[in-house]
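Okay, structure first, notes after.
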Amino acid sequence: MLPKRADFPEGFQFGTATSAYQIEGHAKGGAGRTHWDDFAATPGNVAGAANGAIACDHLDRWAEDLDLVRDAGFDAYRFSTSWARVLPEGRGTPNTAGLDFYDRLVDGMLERGIKPAATLYHWELPSPLADLGGWRNRDIAHWFADFTNVIMSRIGDRVWSAAPINEPWCVSWLSHFEGHHAPGLRDIRATARAMHHVLLAHGRAIEVMRGLGMSNLGAVCNMEYAAPVDDSDDAHRASRVQDAIYNRFFISGMTKGVYPDEVLDGIEPHLPHGWQDDFPTITAPLDWIGVNYYTRKLYGPAAPVDGAPAPWPGTCEHDGPLPKTAMGWEIYPDGLAHFLEMVVQDYTGDLPLYVTENGMAGVIEQKGNPTHDPDRTAYLGAHLEVVRRAIAKGLPVKGYFTWSLLDNYEWALGYAPRFGLVHVDFETLERQPKASYHTLREALSCP
């Protein structure tokens, strides 16, 4: 059972979300090569060696997909632009076909009464910029600012909201320290620089968009509840370190101009010279903050290495006891409640807050019916109830976006996990709304 639209304040925004590389079909339309194409072409990196060459073919089927957004009753659609589609070399001459596509896409939303919520970057870095060091290179902040100017000079006058970078933790830590996403590095110095430069690029993009006269600009951070695996001091320390890395580093940098001590303990020697001087840019004023939330993880201390304490961060993830999604992620709605309160109390105060991603992965599926997904409906209902209670407590939560509209390319896991409200047959590319889509549409139709 889902809460109904009438259970939320007037003007509360319900939306759904996607990202460019995961749905568009990157091999078409003049897009340049990305580090995700390179990562996927490297054996062993991606399940089934899958890539985003075709994905959901949203490039050609965008009108059909926007009809699905409209027909579900969503107020807003959170989409992302591909840097390499707009600037195939990352810099220089724009791809007219790419700019024209985003022009049509935004106009298509407006024609259907859908608010366009733009994200500039959702992980597909142009390969020529990766060749120059990518997020390790300080110059990326200026390259990103130039990209921002090109794309938002074209569509910025019509978007409802804009955020520079989706999930900076994934762009920097998951990709440069853990190596699970492109560029697939495991290097603490690369990680420290990427963590800082992604925030510097965020600030530069905000400056550019303000200069273009844009408003309703925000930031989107993913957050994952970190809990100790037991009640030992070491487990509590491990969970605090993980919480600092994942949940506090980026929002603290953007809103307070400081990094948590628990993170500086590990990365400060590797940060670029003069990093403290960048905070006036990083803390460019925002109009809202977005929280992406899915799950919690349990942590304890890492095992000693040859009898010596494990190097920083010195943490180890443990399997948890709660029901899990097809990603192996525990279902823990209380974590969302925690973050909505934490963000407001510790960082943003009265600033509008959005849940910019929330959803669950299923498999293809239950009882042979790809549209039978009662677990997804239950997941969304539990998290929407958390949002409803947060608003009742006075927190300034202004909207909720379901991830995702479509089953899509799930990065290193290929096409197996399915987050969509709409089933996609990856052979025929046929779309088929799932039961959760229909249930959500009914809930949103209640005035």
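The values are calculated or read from the model by the stated rules, or taken from the named source; none is laboratory data. Keep in mind that what you see is a predicted model, and the values were worked out from it rather than measured. Positions of Cβ are backbone-derived with ideal geometry, glycine not excepted, and every protein chain shown enters the neighbour counts. Ligands, DNA and RNA are excluded from the accessible area calculation, which covers all protein heavy atoms including side chains. Shrake-Rupley method; radii C 1.70, N 1.55, O 1.52, S 1.80 Å.
Quick grid of which residues meet (1) in contact with a Gly (Cβ under 9 Å, 6 or more places away or on another chain); (2) of a type outside the set (Ser, Thr, Tyr):
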| position | (1), (2) |
| --- | --- |
| LEU353 | yes, yes |
| TRP403 | yes, yes |
| TYR437 | yes, no |
| PRO447 | no, yes |
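Within the stretch 107-117, restricting attention to residues that are touching a Lys or Arg at 6+ places or on another chain (Cβ under 8 Å) and closer than 20 Å to MET209 by Cβ, the residue that is most open to solvent (accessible area, probe 1.4 Å) is LEU110. In summary, ALA53 fulfils each of the numbered conditions (1) without any contact (Cβ under 8 Å) to a residue 40 or more places away in the chain; (2) of a type in the set (A, V, I, L, M); (3) part of a helix (DSSP H, G or I) with the single exception of condition (3). ALA40 - would you say it is out of contact with any Gly (no Cβ under 6 Å at 6 or more places or on another chain), in contact (Cβ under 8 Å) with a residue 12 or more places away in the chain and more than 29 Å from VAL386 (Cβ to Cβ)? When the stated conditions are applied, ALA40 passes them. Limited to the stretch 171-184, what total is found for residues that are under 23 Å from GLU357 (Cα atoms), touching a residue at least 24 places away in the same chain (Cβ under 8 Å) and surrounded by fewer than 20 Cβ atoms within 10 Å (Cβ to Cβ)? Summing the residues that are under 23 Å from GLU357 (Cα atoms), touching a residue at least 24 places away in the same chain (Cβ under 8 Å) and surrounded by fewer than 20 Cβ atoms within 10 Å (Cβ to Cβ) in the stretch 171-184 gives 1. Can you tell me which residue within the stretch 343-397, out of those that are of a type in the set (Asp, Glu) and in a helix (DSSP H, G or I), is nearest to VAL220 (Cα to Cα)? Of everything passing the filter in the stretch 343-397, ASP346 is nearest to VAL220 (Cα to Cα). Output the residues belonging to the stretch 41-50 that are in a loop (DSSP other than H, G, I, E, B) and on the phi < 0 side of the Ramachandran plot. Answer for the stretch 41-50, where residues must be in a loop (DSSP other than H, G, I, E, B) and on the phi < 0 side of the Ramachandran plot: THR42, PRO43, ASN45, VAL46, ALA50. Taking the conditions (1) of a type in the set (Gly, Ala, Ser); (2) over 23 Å from ASP157 (Cα atoms); (3) in a helix (DSSP H, G or I) in turn, ALA27 satisfies each one other than (3). For ASP7, the test of being at positive phi and among the charged types (D, E, K, R) is failed. Between ALA190, ALA182, ALA219, ALA238, the distinction of being small (Gly, Ala, Ser), closer than 17 Å to PRO260 by Cα and modelled with pLDDT of 95 or more belongs to ALA238 only. Among the residues making up the stretch 401-428, a single one is assigned to a loop (DSSP other than H, G, I, E, B), open to solvent by 20 Å² or more (accessible area, probe 1.4 Å) and of a type in the set (A, V, I, L, M): ALA416. The residues listed here are GLY203, GLY211; of these, the one that is of a type in the set (Gly, Ala, Ser) and open to solvent by less than 50 Å² (accessible area, probe 1.4 Å) is GLY203. Given the criteria open to solvent by 10 Å² or more (accessible area, probe 1.4 Å) and modelled with pLDDT of 95 or more, does TYR293 qualify? For TYR293, the condition - open to solvent by 10 Å² or more (accessible area, probe 1.4 Å) and modelled with pLDDT of 95 or more - is not met.
Please work out if GLU10 is acidic (Asp, Glu), open to solvent by 50 Å² or more (accessible area, probe 1.4 Å), in contact with a Gly (Cβ under 9 Å, 6 or more places away or on another chain) and part of a loop (DSSP other than H, G, I, E, B).
Details: acidic (Asp, Glu): yes; open to solvent by 50 Å² or more (accessible area, probe 1.4 Å): yes; in contact with a Gly (Cβ under 9 Å, 6 or more places away or on another chain): no; part of a loop (DSSP other than H, G, I, E, B): yes.
Spelling it out, it is not the case that GLU10 is acidic (Asp, Glu), open to solvent by 50 Å² or more (accessible area, probe 1.4 Å), in contact with a Gly (Cβ under 9 Å, 6 or more places away or on another chain) and part of a loop (DSSP other than H, G, I, E, B).
Residues considered: ASP60, ASP65, ASP38. Of these, the only one that is in contact with a strand residue (DSSP E or B) (Cβ under 8 Å, 6 or more places away or on another chain), in a helix (DSSP H, G or I) and not hydrophobic (A, V, I, L, M, F, W, C) is ASP65. Restricting the stretch 363-381 to residues that are under 24 Å from the mean Cα position of the chain (by Cα) and more than 14 Å from THR439 (Cβ to Cβ), the residue that is modelled with the highest pLDDT is VAL363. Quick check, is LEU395 more than 30 Å from ASP37 (Cβ to Cβ), crowded, with 22+ Cβ neighbours inside 10 Å and not acidic (Asp, Glu)? Taking the combined requirement at face value, the residue does not satisfy it. Considering the stretch 65-111, the residues that are in contact (Cβ under 8 Å) with a residue 60 or more places away in the chain and touching a His at 6+ places or on another chain (Cβ under 8 Å) include one that is farthest from GLY156 (Cα to Cα), namely ASP65.
The rows are residues; the columns are (1) surrounded by fewer than 17 Cβ atoms within 10 Å (Cβ to Cβ); (2) among the charged types (D, E, K, R); (3) within 25 Å of HIS196 (Cα to Cα); (4) modelled with pLDDT under 95.
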{"site": "GLY266", "(1), (2), (3), (4)": "no, no, yes, no"}
{"site": "ASP277", "(1), (2), (3), (4)": "yes, yes, yes, no"}
{"site": "ASP287", "(1), (2), (3), (4)": "yes, yes, yes, no"}
{"site": "ALA303", "(1), (2), (3), (4)": "yes, no, no, no"}
{"site": "HIS318", "(1), (2), (3), (4)": "yes, no, no, no"}
